[in-house]
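Asks: Okay, handing you the structure first.
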Amino acid sequence: MNIEFTLNGTIQKVSITSVERVLDVLMRQCNIKSLSGTCLEGRCGSCLILVDNKPAYSCIMPAFFLRDRRVETIENFTKTREYSLLYSELNREGSASCSSCQNAIMLMGMSLVRRTQAPAKDEIFDTLANAHCDCIAPEDFASAVLTTMQHLATARKTP
Ligand code: FES
């Protein structure tokens, strides 16, 4: 079956089988390097992606689900100002995550900081929980997200 979807802003046309997962397609056909399939059961967060800006575990999502969706991985953000600001804020909070969690943490952060309205802390904590990371304090993560959003809002107002 042939399907089309948007990956990191670019239209992708792929051929899939009924047994393939999104993770398989992204890694093998789309050459996405930031993902890994550590548990393949939706428990570790190493395959986390955004689908229509919502967190999703690509290891438990059938590939046909990609049809006409907007998929983003951390590759879409690493060169952005938002990413640099969030990364700096996390470091300032003393909450640099371990290398195995970093992509998922930053991806969850990016899904939050791109919003125009600040999310409630509970929503930030829920979003962070998708990453299954024990090495970052939820309060520190929330603080970094909200401070980054303040910086971005200030920058938008500055002529
Ligand atoms: S590989 Fe662990 S959540 Fe997908």
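Asks: What GluC sites (Glu not before Pro) in the stretch 1-96 are in a loop by DSSP, with at most 13 other Cβ atoms within 10 Å of the Cβ?
Replies: 41
Asks: Now a separate question. Carbon-plus-sulfur fraction of the accessible area of the chain, 1.4 Å probe, in percent?
Replies: On the way: 4110 of 8370 Å².
Carbon plus sulfur share of accessible area: 49 percent.
Asks: Of all DSSP beta bridges located in the chain, what percent are antiparallel, nearest 5? Before the final figure, lay out the partial values.
Replies: On the way: 13 of 15 bridges.
The antiparallel fraction comes to roughly 85 percent.
Asks: If you don't mind, there's one more thing I want to ask. What's the center-to-center distance, using Cα atoms, between the stretch 1-77 and the stretch 108-159 in Å?
Replies: Value for the Cα centre distance between the two parts: 23 Å.
Asks: Compute the accessible area per residue over the chain, keeping the other protein chains in place, probe 1.4 Å, unit Å².
Replies: On the way: 8370 Å² over 159 residues.
Accessible surface, normalised per residue, equals 53 Å².
Asks: Rank these by accessible area, largest first, 1.4 Å probe: 46, 100. Intermediate values should be presented prior to the final figure.
Replies: Numbers: 46 20, 100 95 Å².
Putting 46, 100 in descending order of accessible area: 100, 46.
Asks: Something else: Nothing charged except the Cβ atoms of Lys and Arg (+1) and of Asp and Glu (-1): what's the magnitude of the dipole of the stretch 12-159 about its Cα centre? Round to the nearest 20 debye.
Replies: Details: 17 positive and 16 negative charges, 127 e Å.
Using Cβ point charges on Lys, Arg, Asp and Glu, the stretch 12-159 gives about 620 debye.
Asks: Tell me, what is the FRET efficiency for residue 116 and residue 68 to the nearest 0.05, using R0 = 25 angstrom and their Cβ-Cβ distance as r?
Replies: On the way: r = 25 Å, r/R0 = 1.00.
So the FRET efficiency works out to roughly 0.50.
Asks: Still on this structure: Given the Cα-Cα distance of residue 140 and residue 4 and 0.36 nm per residue of separation, how much length would full extension add, in nm? Spell out each step's value before the answer.
Replies: Values: separation 136, 0.36 × 136 = 48.96 nm, distance 3.83 nm.
Between residue 140 and residue 4, full extension yields 45.1 nm more.
Asks: With Cβ to Cβ distances under 11 Å as the rule, what net charge do the other residues near residue 53 carry (K, R +1; D, E -1)? It would help to have the intermediate numbers written out before the result.
Replies: Details: positive: 54, 69, 70, 114, 115; negative: 52, 72.
Net local charge, residue 53 excluded: +3.
Asks: Counting only residues 5 or more places away or on other chains, whose amide H sits under 5 Å from the amide H of residue 21 once H atoms are built in the peptide plane?
Replies: 63
Asks: Let me ask something else. Under the definition of Cα pairs under 8 Å and six or more residues apart, what whole-number percent is the relative contact order of the chain? Please report the intermediate quantities before stating the final value.
Replies: Values: 250 pairs, mean separation 35.7, N = 159.
Relative contact order here is 22 percent.
The values are calculated or read from the model by the stated rules, or taken from the named source; none is laboratory data. None of the values given here were measured: they were computed from a predicted structure. When we count neighbours, we look across all protein chains shown, and the Cβ atoms used for this are built from the backbone with ideal geometry, even at glycine. Note: areas computed on protein heavy atoms with side chains; ligands, DNA, RNA excluded. Shrake-Rupley method; radii C 1.70, N 1.55, O 1.52, S 1.80 Å.
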